[in-house]
Each structure stands twice: as structure tokens, then as C-alpha cells.
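*Asks:* A single structure is presented below for examination.
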Amino acid sequence: METRRIGSLEVTIVGLGCNNFGWRLDYDGTLAVVDAALDAGICFFDTADIYGGTKSEEFLGRALDGRRDKVVLATKFGMAVDAERKGAKPDYARRALEDSLRRLRTDHIDLYQLHQPDPETPIADTLATLDEFVRSGKVREIGCSNFSAQQLREARAAAGQGAKFVSVQNEYSLLHREPENEVLAECEREGLAFLPFFPLASGVLTGKYRRGEPLPENTRLAERESMAQRFFSDHNAATVEALAAFAVEHGHTLLDLAFSWLASRPVIASVIAGATSPKQVWTNSNAARWRLGPDDFAEIDRIIEGVPVGR
């Protein structure tokens, strides 16, 4: 599988998002997905302390026991685990790191990411602490998530001679293109890797949801009405139908298009998608091989722009 860089790290163009672990998957289900990912050649695993109420890290650590050296391991901190464990103040960052290391059963984290900006803590204070982690060897590279272009610039200036963010993980997909306004250009200028979350728009870009039909049982949107309202609006459903037709015309699936549209952009280091079964892992691992050209991108833009907003 093709690999790209996140700072000094080499990662596969398709990664595994671990947000289902401890929530929609128990430990045995987690182990099956991790095994399939490693068998498929995926080496980049992305989790967070809040996923599954901390069980994602616990399950992932158990599943990787004895083969930690086969993966590039990324996790995040900063969102609220509970009323006490949250934010980016130095003291809490130190606690969060030690908690994640323990749950993940490892002595270092390859990519440690601030999950969201903390308006109550100067970014310089957080970065100084993250620099401690890098110098201690407990963290190899640092990244951030849910940062604007302006916040990226502020963080770069505040880092001084210390460790700097090498990546930003924001929402990006065919149905959510906000990073194109500023963040992608900032990444290209500064050599930052971009990691898209929700690359499949919470499953809508897999094609399993169809207009006029009930939401499939045991799917994320069926379990969370608020997510269904957000991701599977009438407009998005119409857009998905048009994109699926484009993919079929080119001998591919909608899933191939969703992955490959992202992977065709050099600034994107890895397309991180979750999976709840080995079959999904294998499908995802093969989905980023279609290299889209300028004409394809232009046609996709025309398709998306041509769907009436009111639909």
C-alpha cells in the first residue's frame, strides 16, 4: 500500500479509525478488525482518549500486544473524558499522556494530537508541555485537530524552537469541503499533513443509505438521530446519488470515489475510516487506488454544484 509522511512518520494512505472500539465493538470485535487491518497492510491506527469512554485505547492496546512495532499509533487528548479530565493545561496534558500510555500498553505514542483548541489555555503553554513529551521520547510527533488556519499560524508562532504540530485532523469529505477555504492551503504552505475525519460522512458515502428507505439497523445513523439529520439530509442524499452514478460510469463504487477523491490530494497523508468488521477493513484498504485527474475533479465539482440546495 502507498505510504506518505506525517513529519518523520511513514503511514499508509488508508488508515484505521478506532472510534468504534468500545462503543459499537466489544474486545473480540475490536481484535478481529485490528487483525484484518494488519493483514491488509494498514499500519496507521488513530484513536482518542474519549473514544468508547476510554475503552478504545484499552481494547487497542490489548489487540496490539506483542506487535506494537508494526503500527504507527496516534491518539488525542483535550476533549472531556469527564468533568475533571479535559482541556490542554500542562498538568492535565501530563496526566492525559500517562493515562493513554497505560491504556495503550506502550512506552511511546507516535502522533499525539490536541483534539481541539482550548480557549482557557494559551497555546504556548500547551506546546511547551508537548515539547517536553517529545524530548522525553514518550511522543515522536505532535499534531492537532479541529484547528482553523489562523489557529495553526498562532500555534506555529508560539512553538518557537520547540516541537511544532506536523499535522491537523479536521472533517473533510465530498459532502463537507470547508477545509478548502483556508486550511488545506495553510497545510501546503507549511508542509503540514492533513488527516480527514468523517471521510465517508459517517457512512453516507458508502452507499448503504438510500433515499426513501429505512436506515439500516445497527448502523451509526440508525443509532443516532442527530447524526442522521446532519449527514443524510435530502440535499446530501441527492448529491450521493449523483456521485454514485459518476463512479459507476468510471467502473468504480461510491466508496472508491470517496476514498480516492481524498487520496488524490498530496497534502492528505492518510484517509482514516472506521470499520466494524474485517470485510469493511478489506474494502476500505482497496478503495484508494483510483487516481483522479483534473478533469475528474472538475466534473465532480459540477455534479456537486448542480444539486439544488433545496433538495
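The values are calculated or read from the model by the stated rules, or taken from the named source; none is laboratory data. This is a predicted model, so every value here is computed, not measured. Reconstructed Cβ throughout: ideal geometry from the backbone, glycine too, with neighbour counts over all protein chains shown.
*Asks:* Sort out which residues of the stretch 142-166 are in contact (Cβ under 8 Å) with a residue 40 or more places away in the chain and aliphatic (A, V, I, L, M), and write them in order of number.
*Replies:* If the condition is that a residue be in contact (Cβ under 8 Å) with a residue 40 or more places away in the chain and aliphatic (A, V, I, L, M), then Leu152, Val166 are the ones that fit.
*Asks:* Shifting gears a bit: Hey, does the stretch 169-176 have a residue that's assigned to a strand (DSSP E or B), among the aliphatic types (A, V, I, L, M) and crowded, with 22+ Cβ neighbours inside 10 Å?
*Replies:* Within the stretch 169-176, not a single residue is assigned to a strand (DSSP E or B), among the aliphatic types (A, V, I, L, M) and crowded, with 22+ Cβ neighbours inside 10 Å.
*Asks:* Checking the structure you have, find out if any residue of the stretch 177-184 is at pLDDT 95 or above and within 19 Å of Thr3 (Cα to Cα).
*Replies:* Checking the stretch 177-184: not a single residue is at pLDDT 95 or above and within 19 Å of Thr3 (Cα to Cα).
*Asks:* Something else: Condition first: under 18 Å from Ala201 (Cα atoms) and either outside any helix (DSSP H, G or I) or not polar (S, T, N, Q) (or both). Now tell me which residues in the stretch 247-263 satisfy that.
*Replies:* Scanning the stretch 247-263 gives Ala247, Thr253, Leu254, Leu255, Asp256, Leu257, Ala258, Phe259, Trp261, Leu262, Ala263.
*Asks:* Any residue at all in the stretch 264-277 that's touching a residue at least 40 places away in the same chain (Cβ under 8 Å) and in a helix (DSSP H, G or I)?
*Replies:* Within the stretch 264-277 (the criterion being touching a residue at least 40 places away in the same chain (Cβ under 8 Å) and in a helix (DSSP H, G or I)), the answer is no, since none of the residues qualifies.
*Asks:* Looking only at helices (runs of 4 or more DSSP H) that lie completely in the stretch 1-105, which have at least 3 residues being surrounded by fewer than 16 Cβ atoms within 10 Å (Cβ to Cβ) and modelled with pLDDT of 95 or more?
*Replies:* Fully inside the stretch 1-105 and qualifying: 27-39, 90-104.
*Asks:* Right, next: Could you tell me which numbered condition Gly52 fails, if it satisfies all but one of (1) in contact with a Phe, Trp or Tyr (Cβ under 7 Å, 6 or more places away or on another chain); (2) at negative phi?
*Replies:* (2)
*Asks:* Filtering the stretch 186-220 down to residues that are modelled with pLDDT of 90 or more and in a loop (DSSP other than H, G, I, E, B), which residue is surrounded by the fewest Cβ atoms within 10 Å (Cβ to Cβ)?
*Replies:* Applying the filter and picking the extreme gives Gly191.
*Asks:* Would you please list the contacts, defined by Cβ atoms under 9 Å and residues six or more apart or on different chains, that run from a residue in the stretch 1-21 that is in contact (Cβ under 8 Å) with a residue 12 or more places away in the chain and under 23 Å from Ala163 (Cα atoms) to a residue that is assigned to a strand (DSSP E or B) and of a type in the set (Asp, Glu)?
*Replies:* Final answer for the pair search is Arg4/Glu10; Ile6/Asp110; Ile6/Glu141; Gly7/Glu141; Ser8/Glu141; Leu9/Asp110; Leu9/Glu141; Val11/Asp110.
*Asks:* A further question follows. When only residues in the stretch 221-268 that are among the aromatic types (Phe, Trp, Tyr) and more than 18 Å from Ala298 (Cβ to Cβ) count, which is modelled with the highest pLDDT?
*Replies:* Here the residue is Phe259.
*Asks:* Out of the residues in the stretch 167-193 meeting the condition of being touching a Ser or Thr at 6+ places or on another chain (Cβ under 8 Å) and either touching a residue at least 40 places away in the same chain (Cβ under 8 Å) or hydrophobic (A, V, I, L, M, F, W, C) (or both), tell me which one is nearest to Ala238 (Cα to Cα).
*Replies:* Among them, the one singled out is Leu175.
*Asks:* Would you point out the residue of the stretch 107-149, among those that are surrounded by fewer than 20 Cβ atoms within 10 Å (Cβ to Cβ) and under 21 Å from the mean Cα position of the chain (by Cα), that is farthest from Arg94 (Cα to Cα)?
*Replies:* Ala149
*Asks:* Within the stretch 26-36, can one find any residue that is within 16 Å of the chain's Cα centre (by Cα) and touching a residue at least 60 places away in the same chain (Cβ under 8 Å)?
*Replies:* Scanning the stretch 26-36 turns up no residue that is within 16 Å of the chain's Cα centre (by Cα) and touching a residue at least 60 places away in the same chain (Cβ under 8 Å).
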